[in-house]
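The structure appears right after this line, and notes come after that.
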Amino acid sequence: MAPAAGPLFCARVPAGMDSMTAAHASRLDQEPDIGLCILLKLPRESPPCLKGRNIALHFSCMHIRYLILWLLLPLIAVAQGQTGNTRSFIAQLHRADSLPILFNLDMEEPAGKQTWIIRNGAERIPVTDIRYSGDSVMVSMPVFESAFRLRKTAAGRFDGKWIKGTTTKDAIMPVTISPGTVKFPASRGKASGDISGRWRVTFVRPNGTTRPAVAEFSQQGTKLTGTFLTPSGDYRFLDGTMSADSLQLSCFDGSHAYYFGAKLRSDGSLADGVYASGATWMEKWHAVRDPNAVIDESISAMQLRPGEEEIGFRFPDADSNMVSLKDERFRGKVVVIQVMGSWCPNCMDETAFLSDYYRRNKDRGVEMIALAYEYSTDFNRASRSLKKFRDKYAVGYPMLITGVTSSDSLKTEKTLPQLTPIKAFPTTIFIGKDGKVKKIHAGFYGPGSGVHYDLYRKEFEETITGLLAQ
């Protein structure tokens, strides 16, 4: 029976092989440099000049090596995160104590324009302000006073500095960005337990004082995501690994730069915890599983001073236009006052929520005003930062610059003297149609907090609907 059309691979001469095949297979033994012979039996549909002919292809060992490498290249690229126009990297912010603040970074080039995508769990932060000059790279984050100054190396790595504005001098941390996909490899093997669920957490400051928090974790195998909730807000999208008894989580959003580590004890508790923030801050922490753990909101509560019913203010927006709560556009409407700062990640999440809500509900008789407490009293600096915030989230309501810094111990007395001190950024003040303060809510739990975010949105809608009905 004639062999079927197509390739026949020859490495030895099996019984019954035709003479031509045997001849080529024999050549493999006679010429050691030939490592592979492919015999092609051409089909009947071939052109007349080739019909019925056989073609033998001989490959040297060197050729085979190149062929195998060519076949493996796509797999190698996937393993290193190099797929199509997307290249994956692991960035590390370096602390003097070597605690690893890591985050995932994808570099994409749609239509020839490079975009960075910073990944924290389910969160994606697109970064488009990227400028190259030779091997130097300047990258500005879309919100916050935050940027990278880098140098691209011949090995495809980026070395440089992360620079973040503060109330005083800039905070600077060394950074390296290297090809890779996994922040915390599960080098110690599978997890020794599943820590999914709610935990009651105690943080211990460097001076020995404590502060409460609640942790929410979700674990699948060694993959771990979650967040910590405090009286003022959540620590947003954390992700990492649970390997053996070791927990590791981190995130970076341009302002937050966090690392969390801990050990799972045999009694089911989390101990030896470390929380690192930025270049130097560090706290210890421990936790016990508690499905009923809640945050004591009274810690950050803000309220009207005795005898007060209303608040009043008049400040410039980022374009120097003066705006007052007494202006005609706010009269007879439900007004939401957002106490915030463009340096604040929880304020960023709240702004995204409020901007969308305002766009969908302003025709119901709802107005909003943001009061910004910035890092600096310099109006131009504050204006630049606030405009980045406003433009990023397409904010349609006025965002005003109070001219008072977030660190000013008298910030409330200077701007909202009718209220007790501001303890949390953000804080939300609800004004009724009669102009009186109806409710004050301190803190904000964003989308990284899962069910807590859903509950906040439900409560917010119920509050607005109730005030509109009055």
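Computed from the coordinates by the stated procedures, all read-outs in this text should not be read as laboratory data. This one's a predicted model, so the numbers in the text were calculated from it and none came from an experiment. Neighbour counts are summed over all protein chains in view; Cβ atoms, including those assigned to glycine, are modelled from backbone coordinates with ideal geometry.
Quick notes on this structure:
- The Rg/Rh ratio of the range 307-375, with both radii computed over alpha carbons and Rh defined as the Kirkwood radius, is 0.97.
- Near the amide H of Asp234, within less than 5 Å, lie the amide hydrogens of Phe444, Gly446, all on another chain or at least 5 residues away, with H placed in the peptide plane.
- Of the trypsin sites (Lys or Arg not before Pro) found in the range 133-169, those in coil by DSSP whose Cβ has at most 12 other Cβ atoms within 10 Å are Lys169.
- Coarse-grained scattering of the range 337-436 at q = 0.14, 0.15, 0.16 Å⁻¹, given as base-10 log I(q)/I(0) from a Debye sum over alpha-carbon atoms: -0.51, -0.59, -0.67
- Spherically averaged projected area of the range 80-295 from its Cα convex hull (nm²): 13.2
- Protection proxy ranking, peptides 381-387, 367-373, average beta carbon neighbours within 10 Å, highest first: 367-373, 381-387
- A Förster radius of 41 Å combined with the Cβ-Cβ distance from Glu297 to Ile172 puts the calculated FRET efficiency at roughly 0.70.
- Radius of gyration (Cα atoms) of the range 151-228, expressed as a multiple of 2.2 N^0.38 Å: 1.60.
- Mean projection of the Cα convex hull over all viewing directions, computed for the range 297-469: 9.5 nm².
- Amide hydrogen neighbours beyond the local backbone of Thr115, cut-off 5 Å, H modeled: Glu108, Glu109
- Phi angles across the range 132-141 convert, under the Karplus curve 6.51 cos²θ - 1.76 cosθ + 1.60 with θ = phi - 60°, into 3J(HN,Hα) values of 9, 9, x, 9, 8, 9, 10, 10, 9, 5 Hz, Gly and Pro given as x.
- Under Karplus coefficients 6.51, -1.76 and 1.60, residue-wise ³J(HN,Hα) of the range 415-424 in Hz, glycine/proline x: 10, 9, x, 6, 10, 6, x, 5, 10, 9
- Other-chain or far-sequence residues with amide H under 5 Å of Ile101's (modelled H): Leu93, Arg95
- Compactness ratio for the range 405-465: Cα radius of gyration over 2.2 N^0.38 Å (N = residue count) comes to 1.31.
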